[in-house]
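*Asks:* Quick one: the structure is below, questions incoming.
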Amino acid sequence: MDISNKLRAHFAFSAAGVMPFPETRPGYLNHSASASASADADADAGIGCGAGAVDRFPFHVDHAVATPTWRIDGCVFGTTYWATPLSLLPHLPPLRIDVVIPDQLDWAPELWAVLDASESVHIHDQRAAGLGISRYLLLVLQRWSCDYPDFEQVYRALPFGSSITVGHIGLDLSEIRVQIRPNRGLQRHLLSLNTLQQWWNFQGQSLPTAIGLRELRFVRRLCSSICLIDHGGERMIFKSNTRSPSSIYHEIKVLLSLPPHPNIIGPPRGLVTMPSDSGDKGNLVCGFLHEYYELGSMETFLPQARKNHCLRFQDQVRWSLELASALSHIHSQPGMFYSDLKMDNVLLREIDGKISIVLVDFEQSRNLYTWAPPEVFYVEFIAELAFRGLARSECLTEQMMAGFREVIERYFVSRRVILPLQLMQLDYDNPDHGWYYPWLTSTPKEQDAGAVYCLGRAFWCIFEGVGDTSNVLGRSLSFDSDSEHEFPTFTHRTPESVQEFIKKCTSGAKEWTEEGPLGLFRRRGKVYPRGRTGVNGEPLATMEETKEAIKNVWEREIAKAKALLAAREKYAEGIADGNDLKLLGYLERPTLQDALVFFKDFQTVRRNEWPKIYCVS
């Protein structure tokens, strides 16, 4: 089944277990069915028609593609693109102007295949530049900007976080309407330096230096919230969030509150400000700066190192120890936790000839379900079906949500949680420890166990040399993009004693059950029932079988979520039986301190267990 951004709610989240599958544009779900499944599997790095796609456009391609005046750095789910007019570089501030286009379902059907509609959904990085839709947008944006009076002056003057919308994706470029949508409302939700200083009241500590947004020079967009910028000849990272500035304020607060640690990013190097239009609020904080780590993240480093046969065991042990030390440090602080551990948040730097890790991203928000502990994501699954403010789909009716609301409210009451939940709003309300309710409603011991679970999956990635643990339905990576090698499969790269420790750390993971990993699998731009992808000797599922599998998978996940919540209630009351305890795998996990001791021993007393050859293939 081909995927689109709108369809994610109908195959990637728990709502798919209760909502009927929507009627879609005729033919979209199977628009590339004529391509053989084996050819589909052998395509390069997750890019669909991409290279050469423009040669099959059903309209004339002029010199604009060969000499583009815009650049695309990446996208989010194929509907929001990070495009920059090249004529404004290198003197352009990081204005965060997104290009927004319609959902893939709404493109002209003749262009679904040639513009790589379903492929655009899962590619979120620089690979997006090779997609047919990106080449199409370069044409559209060039024609539009060339005809726009005083375009460069108008673009430079746009408010931070504005957007450019492309009205439709069709055959006739002359009919495409492009509009600038200035974001004049964002300022209402930004706060001044003085306000933040008063709210946080860091005794004897002033806020980092204020740096004006227009003093920065944009270099490249690295992800949705991250820009590489130049400031005074130094390349740095500018992090902002134009949709939820509250998350940025909370991250700044955490980074300023957290005592230093060698493997954790330090306090912001500067707070990025912009003047208030009204002039009565002073300079408003719209983001912060931190160091740029040129080696990138473990998400890309590990598979590259494995491919180049240069993963050294002593490095893997040291990285594991550094990561365990960083998380132990965070969780030792009153009320603090780290909820978003995955390999793209583990950056690398070289010190004295050794590569060490640096943990980043302290918004304290949700993680991918492939990384979050089951006692966290199962609470999320039910809460997202119960509360409108958390729902992942607008198609959920009040009648659908009522039963789930009763389940989750009973669970929270059993944990002595005061309802309603405090959720993140556009207007920052300075919560003590954020808004991420599954972690906030857990005890410190449970939070420790949750951190160990994420560590276990990270250990697996480090020793197996893989950038992610599992196939993710809405996102692929440039290496191992479809996660053919998934957790918990081990190879010779991971010593048996480390394998056993990872199993203990990830106790409760669904992969250890008879049912195994989530019963759905994304191969490039298509979703299949797991084991029914049509490649490697597997049978190929029909469209109706895929829809039925999606429904069944999420119905089972919802049932398990309800059972886990009930088991936690009974355990708190002291009446849990053996079946309940089987669901509470976190009770069997080691602690963060145990993880530290384990890898410290590997550096010293257990060196006899090291492989004789450090470079493994």
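The values are calculated or read from the model by the stated rules, or taken from the named source; none is laboratory data. Model, not experiment: these values are computed from the prediction. Positions of Cβ are generated from backbone atoms using ideal geometry, with glycine treated the same way; all protein chains shown enter the neighbour counts.
*Asks:* Count, please, the residues in the stretch 451-469 that happen to be among the small types (Gly, Ala, Ser) and under 21 Å from residue 439 (Cβ atoms). So that I can check it myself, show each step before the final result.
*Replies:* Filtering the stretch 451-469 down to residues among the small types (Gly, Ala, Ser) leaves 451, 456, 458, 465, 467.
Next, from what is left, pick out any that are under 21 Å from residue 439 (Cβ atoms): 451, 456, 458.
So the count comes out to 3.
*Asks:* Moving on to the next point. Does any residue in the stretch 422-437 that is closer than 16 Å to residue 390 by Cβ come within less than 6 Å, Cβ to Cβ, of a residue that is of a type outside the set (Gly, Ala, Ser) and assigned to a helix (DSSP H, G or I) six or more places away or on a different chain, and which pairs are these?
*Replies:* Partner pairs satisfying both residue conditions: 426/189; 434/250.
*Asks:* Among the numbered criteria (1) closer than 20 Å to residue 297 by Cβ; (2) of a type in the set (Gly, Ala, Ser); (3) surrounded by fewer than 17 Cβ atoms within 10 Å (Cβ to Cβ), which one does residue 224 miss?
*Replies:* (3)
*Asks:* Run residue 203 past the list (1) outside any loop (DSSP other than H, G, I, E, B); (2) over 25 Å from residue 276 (Cβ atoms); (3) free of Cβ contacts under 8 Å to residues at least 40 places away in the same chain; (4) of a type in the set (S, T, N, Q) and report the number of the one that doesn't hold.
*Replies:* (1)
*Asks:* In this structure, does residue 538 turn out to be part of a loop (DSSP other than H, G, I, E, B), in contact with a strand residue (DSSP E or B) (Cβ under 9 Å, 6 or more places away or on another chain) and more than 22 Å from residue 345 (Cβ to Cβ)?
*Replies:* Details: part of a loop (DSSP other than H, G, I, E, B): yes; in contact with a strand residue (DSSP E or B) (Cβ under 9 Å, 6 or more places away or on another chain): yes; more than 22 Å from residue 345 (Cβ to Cβ): yes.
Judged against the criteria, residue 538 is a match.
*Asks:* Test each condition in (1) modelled with pLDDT of 90 or more; (2) crowded, with 17+ Cβ neighbours inside 10 Å; (3) closer than 30 Å to residue 11 by Cα; (4) not aromatic (Phe, Trp, Tyr) for residue 406 and report the one that comes out false.
*Replies:* Condition (2) is where residue 406 drops out.
*Asks:* May I pose another question? Could you tell me which of the residues 357, 330 is touching a residue at least 60 places away in the same chain (Cβ under 8 Å) and either among the acidic types (Asp, Glu) or assigned to a strand (DSSP E or B) (or both)?
*Replies:* Testing whether each residue is touching a residue at least 60 places away in the same chain (Cβ under 8 Å) and either among the acidic types (Asp, Glu) or assigned to a strand (DSSP E or B) (or both) leaves just 357.
*Asks:* Go through the stretch 303-325 and give me each residue that's crowded, with 23+ Cβ neighbours inside 10 Å and closer than 30 Å to residue 208 by Cβ.
*Replies:* 319, 323, 324 - these are the residues of the stretch 303-325 that are crowded, with 23+ Cβ neighbours inside 10 Å and closer than 30 Å to residue 208 by Cβ.
*Asks:* If the requirement is being modelled with pLDDT of 95 or more and within 30 Å of residue 526 (Cα to Cα), which of these qualifies: 73, 125?
*Replies:* 73
*Asks:* How many of the residues making up the stretch 1-31 are assigned to a loop (DSSP other than H, G, I, E, B) and not hydrophobic (A, V, I, L, M, F, W, C)?
*Replies:* 10
*Asks:* Can you tell me which residue is farthest from the chain's Cα centre (by Cα) among those in the stretch 511-536 that are crowded, with 19+ Cβ neighbours inside 10 Å, under 17 Å from residue 13 (Cα atoms) and of a type in the set (D, E, K, R)?
*Replies:* Ranking the candidates gives 526 first.
*Asks:* Identify all residues within the stretch 234-261 that are within 23 Å of residue 433 (Cα to Cα), over 21 Å from the mean Cα position of the chain (by Cα) and touching a residue at least 12 places away in the same chain (Cβ under 8 Å); write none if there are none.
*Replies:* The answer is 253, 256, 257, 258, 259, 261.
*Asks:* Does any residue of the stretch 414-422 turn out to be within 26 Å of the chain's Cα centre (by Cα) and at pLDDT below 95?
*Replies:* Yes: the stretch 414-422 contains one or more residues that are within 26 Å of the chain's Cα centre (by Cα) and at pLDDT below 95.
*Asks:* Can residue 562 be described as in contact (Cβ under 8 Å) with a residue 60 or more places away in the chain, crowded, with 21+ Cβ neighbours inside 10 Å and not aliphatic (A, V, I, L, M)?
*Replies:* Judged against the criteria, residue 562 is not a match.
*Asks:* Among 300, 242, 273, which is of a type in the set (Ser, Thr, Tyr), buried (at least 16 other Cβ atoms within 10 Å of the Cβ) and assigned to a strand (DSSP E or B)?
*Replies:* Values: 300 fails: assigned to a strand (DSSP E or B); 242 fails: assigned to a strand (DSSP E or B).
That would be 273, the only listed residue that is of a type in the set (Ser, Thr, Tyr), buried (at least 16 other Cβ atoms within 10 Å of the Cβ) and assigned to a strand (DSSP E or B).
*Asks:* While we're on this one: Restricted to the stretch 192-214, and to residues that are hydrophobic (A, V, I, L, M, F, W, C) and modelled with pLDDT of 95 or more, which residue is nearest to residue 94 (Cα to Cα)?
*Replies:* Result: 213.
*Asks:* Any residue at all in the stretch 600-608 that's among the hydroxyl-bearing types (Ser, Thr, Tyr) and at pLDDT below 95?
*Replies:* The answer is yes; a qualifying residue exists.
*Asks:* Quick check, is residue 367 within 20 Å of residue 464 (Cβ to Cβ), surrounded by 18 or more Cβ atoms within 10 Å (Cβ to Cβ) and at pLDDT below 95?
*Replies:* yes
*Asks:* From the residues in the stretch 537-556 that are under 29 Å from the mean Cα position of the chain (by Cα), surrounded by fewer than 16 Cβ atoms within 10 Å (Cβ to Cβ) and in contact (Cβ under 8 Å) with a residue 40 or more places away in the chain, which one is nearest to residue 29 (Cα to Cα)?
*Replies:* 543
*Asks:* Here's something else I'd like to know. Quick one: count up the residues across the stretch 386-419 that are of a type outside the set (Asp, Glu) and outside any loop (DSSP other than H, G, I, E, B). Give the steps one after another, and end with the answer.
*Replies:* Applying the first criterion (of a type outside the set (Asp, Glu)) to the stretch 386-419 yields 386-393, 395-397, 399-405, 407-408, 410-419.
Imposing the further condition that a residue be outside any loop (DSSP other than H, G, I, E, B) reduces the set to 386, 388-390, 399-405, 407-408, 410-414.
Number satisfying all stated conditions: 18.
*Asks:* Only residues in the stretch 299-311 that are within 19 Å of residue 354 (Cβ to Cβ) count as the first member; pair them with residues that are assigned to a helix (DSSP H, G or I), Cβ under 7 angstrom, at least 6 apart or cross-chain, and list the lot.
*Replies:* 302/343; 302/461; 302/462; 311/305
*Asks:* For residues in the stretch 565-603 being surrounded by fewer than 17 Cβ atoms within 10 Å (Cβ to Cβ) and small (Gly, Ala, Ser), which is nearest to residue 514 (Cα to Cα)?
*Replies:* Filtering first and then ranking leaves 578.
*Asks:* Within the group 372, 383, which residue is part of a loop (DSSP other than H, G, I, E, B) and either crowded, with 18+ Cβ neighbours inside 10 Å or basic (Lys, Arg) (or both)?
*Replies:* Result: 372 is the single residue among 372, 383 that is part of a loop (DSSP other than H, G, I, E, B) and either crowded, with 18+ Cβ neighbours inside 10 Å or basic (Lys, Arg) (or both).
*Asks:* What residue, of 497, 470, 478, is in contact (Cβ under 8 Å) with a residue 12 or more places away in the chain, hydroxyl-bearing (Ser, Thr, Tyr) and in a helix (DSSP H, G or I)?
*Replies:* One residue alone meets the criteria, 497.
*Asks:* Are any of the residues in the stretch 126-137 in contact (Cβ under 8 Å) with a residue 40 or more places away in the chain, in the same structural domain as residue 85 (by TED's automatic domain parsing) and surrounded by fewer than 19 Cβ atoms within 10 Å (Cβ to Cβ)? Write out each step before concluding.
*Replies:* Restricting attention to the stretch 126-137, the residues satisfying the condition of being in contact (Cβ under 8 Å) with a residue 40 or more places away in the chain are 126-137.
From what is left, the residues that are in the same structural domain as residue 85 (by TED's automatic domain parsing) are 126-137.
Now drop any that are not surrounded by fewer than 19 Cβ atoms within 10 Å (Cβ to Cβ), which leaves 126.
Taking every residue of the stretch 126-137 in turn, at least one turns out to be in contact (Cβ under 8 Å) with a residue 40 or more places away in the chain, in the same structural domain as residue 85 (by TED's automatic domain parsing) and surrounded by fewer than 19 Cβ atoms within 10 Å (Cβ to Cβ).
*Asks:* Okay, moving on. Restricting attention to the stretch 282-296, does a residue exist that is at pLDDT 95 or above, over 24 Å from the mean Cα position of the chain (by Cα) and assigned to a loop (DSSP other than H, G, I, E, B)?
*Replies:* Among the residues of the stretch 282-296, not one is at pLDDT 95 or above, over 24 Å from the mean Cα position of the chain (by Cα) and assigned to a loop (DSSP other than H, G, I, E, B), which makes the answer no.
*Asks:* Within the stretch 149-166, track down each residue that is surrounded by 11 or more Cβ atoms within 10 Å (Cβ to Cβ), of a type outside the set (Lys, Arg) and either modelled with pLDDT under 95 or part of a helix (DSSP H, G or I) (or both).
*Replies:* Within the stretch 149-166, 151, 152, 154, 155 qualify.
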